[in-house]
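See structure below.
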Amino acid sequence: MTIRDEADKIAGDVTELRHAIHQEPELGYDLPATQRKVLAALDGLPLEITRGRQLTSVTAVLRGGRPGPTVLLRGDMDALPVTEATGLPWASRIPGRMHACGHDLHTAMLAGAARLLSARQQDIPGNVIFMFQPAEEGGGGAKIMIDEGVLGAAGEPPVAAYALHVFSGTLGTGVFATRPGPGLAAMDAIDVTVRGRGGHGSAPHQAMDPLPAACEMVIALHSMVTRRFDVFDPVVVTVGSFHAGTVRNVIPDDATFHVTARSFSPQARQRLGAEITRLVQNIAAAHGLTAEVTNAGGYPVTVNAPDQAAFATATASELFGADRAITLAQPLTGSEDFSYVLEEVPGAFVMLGACLPGTDPETAPSNHSATASFTDDVLADGTALYAELALRRLAAASPQ
Ligand SMILES: [Zn+2]
Ligand SMILES: [Zn+2]
């Protein structure tokens, strides 16, 4: 039986696990109920299982019956602080929490792949690490799992690492996509506080008004993007929130705004942070004010190793047909903490279109939306691809 047939056979269980996780979403580092469900799904399989210490991760190692290297497969497990509005029968039962990024599918498919590969244990030339990861949505859970030793879980570093991510729009249902090189942007969350001195709105000369200077900064940041950065190594800067003052006739002491900054190379990322700081502090100084700039966290660029991206595309193409395996022309401007794994291990981040059948991927609600829906139809094929990537990568590395 092929991996696809085997994945089809367990699709019912994978779907059931997905729905159970979907109904009880959890946020951030602490996902005890999700961890319990994963452990129950892996129960009885010939896996070496360790749990995270700082987060509720699950690392499972399958040791194949034949010698060979190690491959890592990753699925993230956390939900988002969104109240679900899909109306699905198995929608979230917890207001304010929703699996709006489809991580419930990743977790269920990865558990399914662990089952398929466990059934072939004796034939597998090498080891597989299954990385069930909390806190992808801003918490950098992948970095913490690396610090806690996930890459060494099988006793040697993996030769390759793969992650799957579903999309409720953008791609056609069942289409796998990746690209060589940058696949997703680096992200930095930058907070700016402009400090002045408050006073009466009728007498600004007696105060130090931070508000016009902060407005100038927002405009200048956007000009800076076009004047200081190469269009072929682009950056994106968005000021998504801006807060200053309370009423019309009081000059506030300070003004605050929040920036998300995206870039596609380590060089551009480093320069972007430095340029934002320089610009903001010098505009403040020009007005006799000061500005504090803090980086509230970020993720590196997600860089796919060209040969691994090509291998993932070829594997998907052979399993599902060339029309379901595409190479993206450009990276996405979103970001991912699988980037930390790909900084250490060559691999690929593979997208999987999962919009509901009959909907237009161009207009379907996107990931993170309260109405984002991901179809169960892709669960069997996603499970099969996870398993097949590990099998083929290990077979390619082992002497026949
Ligand atoms: Zn997300
Ligand atoms: Zn996600």
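The values are calculated or read from the model by the stated rules, or taken from the named source; none is laboratory data. Given the structure is predicted, the values throughout are model-derived calculations rather than measurements. Ideal geometry is used to build each Cβ from the backbone, glycine not excepted, and the neighbour counts take in all protein chains shown. SASA here: full protein model, heavy atoms, side chains in, ligands and nucleic acids out. Shrake-Rupley method; radii C 1.70, N 1.55, O 1.52, S 1.80 Å.
List of remarks:
- Segment 150-269 holds strands (runs of 3 or more DSSP E) entirely within its bounds, and those carrying 1 or more residues that are more than 29 Å from Ser57 (Cβ to Cβ) map to 186-195, 235-244, 254-263.
- Output for segment 91-117, where each listed residue is more than 14 Å from ligand 1 (Cβ to nearest atom), assigned to a loop (DSSP other than H, G, I, E, B) and not β-branched (Val, Ile, Thr): Ala91, Ser92, Arg93, Pro95, Gly96
- Here Thr50 fulfils each of the conditions (1) in contact with a strand residue (DSSP E or B) (Cβ under 8 Å, 6 or more places away or on another chain); (2) of a type in the set (S, T, N, Q); (3) buried (at least 19 other Cβ atoms within 10 Å of the Cβ) apart from (3).
- So Thr50, is it β-branched (Val, Ile, Thr), within 16 Å of ligand 2 (Cβ to nearest atom), at pLDDT 95 or above and closer than 29 Å to Arg393 by Cβ: no
- Count - residues of segment 93-115 that are away from ligand 2 (no atom under 16 Å from the Cβ) and either open to solvent by 10 Å² or more (accessible area, probe 1.4 Å) or farther than 26 Å from Thr2 by Cβ (or both): 5
- Candidate set: segment 126-145, residues that are open to solvent by 10 Å² or more (accessible area, probe 1.4 Å) and away from ligand 2 (no atom under 16 Å from the Cβ); chosen: the one nearest to Pro365 (Cα to Cα): Ile144
- Only one of the numbered conditions (1) under 30 Å from Phe257 (Cβ atoms); (2) in a helix (DSSP H, G or I) is not met by Ile146, and that is (1).
- Listed by first and then second residue, the pairs linking a residue in segment 212-237 that is on the phi < 0 side of the Ramachandran plot to a residue that is of a type in the set (S, T, N, Q), with Cβ atoms under 7 Å apart and 6 or more places separating them unless they lie on different chains, are Asp233/Ser265; Val235/Ser263; Val236/Thr333.
- Exactly one residue out of Thr238, Thr173 is under 30 Å from Asp337 (Cβ atoms) and crowded, with 19+ Cβ neighbours inside 10 Å: that is Thr173.
- Subset of segment 180-202 (residues that are in contact with a helix residue (DSSP H, G or I) (Cβ under 8 Å, 6 or more places away or on another chain), under 26 Å from Tyr299 (Cα atoms) and open to solvent by less than 40 Å² (accessible area, probe 1.4 Å)): Gly181, Gly183, Leu184, Ala186, Asp188, Ile190, Val192, Val194
- In segment 211-229, the residues that are touching a helix residue (DSSP H, G or I) at 6+ places or on another chain (Cβ under 8 Å) and not basic (Lys, Arg): Ala213, Glu216, Met217, Ala220, Leu221, Met224, Phe229
- Condition met for Glu318 (away from ligand 2 (no atom under 16 Å from the Cβ), free of Cβ contacts under 8 Å to residues at least 60 places away in the same chain and over 25 Å from Thr86 (Cβ atoms)): yes
- The residues of segment 275-311 that are within 25 Å of the chain's Cα centre (by Cα), in a helix (DSSP H, G or I) and surrounded by fewer than 17 Cβ atoms within 10 Å (Cβ to Cβ), listed by number, are Pro306, Asp307, Ala310.
- When residues in segment 213-235 are screened for being farther than 18 Å from Arg278 by Cα and either surrounded by 15 or more Cβ atoms within 10 Å (Cβ to Cβ) or more than 28 Å from the chain's Cα centre (by Cα) (or both), 1 of them pass.
- Some residue of segment 195-206 being more than 24 Å from Leu110 (Cα to Cα) and either within 26 Å of the chain's Cα centre (by Cα) or in contact (Cβ under 8 Å) with a residue 60 or more places away in the chain (or both): yes
- Contact map, segment 322-343: first residue over 25 Å from Glu148 (Cβ atoms) and away from ligand 1 (no atom under 12 Å from the Cβ), second residue modelled with pLDDT of 95 or more and charged (D, E, K, R), Cβ cut-off under 7 Å, separation 6 or more or different chains; pairs are Thr327/Arg179; Leu328/Arg179; Pro331/Arg179; Thr333/Arg262.
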